[in-house]
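For reference, the structure discussed in these notes is given below.
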């Protein structure tokens, strides 16, 4: 237990003035270093966690949790297959889809297009799209064979609006005596969505399933089934059940979950996150070394005081505790301020970025290069606890050597040479 006089002496040394003011300044720099290191680590981990969560939600919300792909790329009786798979436990929705590539022409401008054919009712049930319609409506989507739904980024780039015409050109055209003629069909924009992921908002086009069947020459077939589960983490449990149901239903194809489709991407994100944690922890380590030097300087400047305390009856353990309180106080206060400041900044990061952009005119966050419209940030309580433990552990370890050095001071020699 720490005694009251030990706290008093420690706090007195932390507020020293006069000729010891330099040590106080160094101590403040040490505290500030820990504050910056902890704060930077909290913000960085929050941004990387938010980035992963945002992309994961966008990818899954756009593509479903599991994709069934028939061998040969086409399947008949897709409604019956969807009905069979819908009865599997934890399966929420099964949507037949057709996906193909085309060249989208808007006047004299052209761009690559990923065209996805879906049933009108399925698109309305896809929350990521239906809840993010910024112009137009899905109410009448599918009533016309030439209806098309496009992303906000595309409309901004090519000055499109509701009622604008988009011409799709597919290289998989019809064969004539003069060779293969690309299929060309004109569609009318009936709704515009903005999900916040640049690739989706600029490259994806939704058309009615029947229109996609005609355009891509699928007849009365579908290109696959998009399966949505109760939660993304249910994939491991549901995957074997789906595989067995596919066999029982006599379907010929394979199933791929979101982890398999995006394994390399999300693994890279996790590796980068771990690397950033280690690298930014070095900032805290540098600050901790500064704490060690501060404590050694303090012990050196207080050699006479230590000797006086020893002659007055203070034990070696009391001296150790006094300097342990000093060092740990610097670490604790720096860590506390860093955690509070880091969490606050992480929760208001977009506001800070907008403020910097207004003040400097520079672009802090460019959606076109970072794929997400706003800076993502998700504060993970477990990560904050881990950062706090690391910072406090390093700070406490830094106080051990200076505290033991102070405790081993010989009072006779110290007073003799004063």
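Couple of notes before you dig in:
- Debye equation applied to the C-alpha atoms of the stretch 9-124, log10 I(q)/I(0) at 0.10, 0.17, 0.19 Å⁻¹: -0.60, -1.03, -1.10
- 52, 321 arranged by Cβ crowding within 10 Å, fewest neighbours leading: 52, 321
- Ranked packing of 117-125, 322-330, most packed first, by mean Cβ within 10 Å: 322-330, 117-125
- Shape of the stretch 72-251, Cα gyration tensor, a/c cut at 1.5: oblate
- Mean Cβ neighbour count within 10 Å, used as a protection proxy, ranking 197-205, 400-408 highest first: 197-205, 400-408
- Rounded to 5, the percent of DSSP beta bridges in the stretch 72-251 classed as antiparallel: 75 percent
- On Cα atoms only, tilt of 4-14 relative to the major axis of the chain in degrees: 70 degrees
- The chain, helix-only ellipticity at 222 nm - DSSP H runs n ≥ 4, -39,500 (n - 2.57), divided by all residues, nearest 500: -18500 deg cm²/dmol
- Principal-axis tilt of helix 349-360 within the chain, Cα atoms, nearest 10 degrees: 90 degrees
- Residue order, fewest to most beta carbons within 10 Å, for 126, 358, 210, 12: 358, 12, 210, 126
- Value of D in µm² per second that Stokes-Einstein yields for the chain, Kirkwood Rh from Cα pairs, at 20 °C (1.002 mPa s): 81 µm²/s
- The angle between the Cα long axis of helix 381-407 and the main principal axis of the chain comes to about 20°, on a 0 to 90 degree scale.
- Shown for 231, 65: other C-beta atoms within 10 Å of each C-beta, ranked fewest to most, produce the order 231, 65.
- Burial order of peptide ranges 334-346, 301-313 (average beta-carbon count within 10 Å, highest first): 334-346, 301-313
- Compactness of the stretch 194-246 as Cα Rg over 2.2 N^0.38 Å, two decimals: 1.57
A short reminder: the numbers here are calculations on the coordinates, not readings from a lab. Everything numeric in this text was worked out from a predicted model, so none of it was measured. Note: ideal-geometry Cβ built from the backbone for every residue, glycine included; neighbour counts use all protein chains shown.
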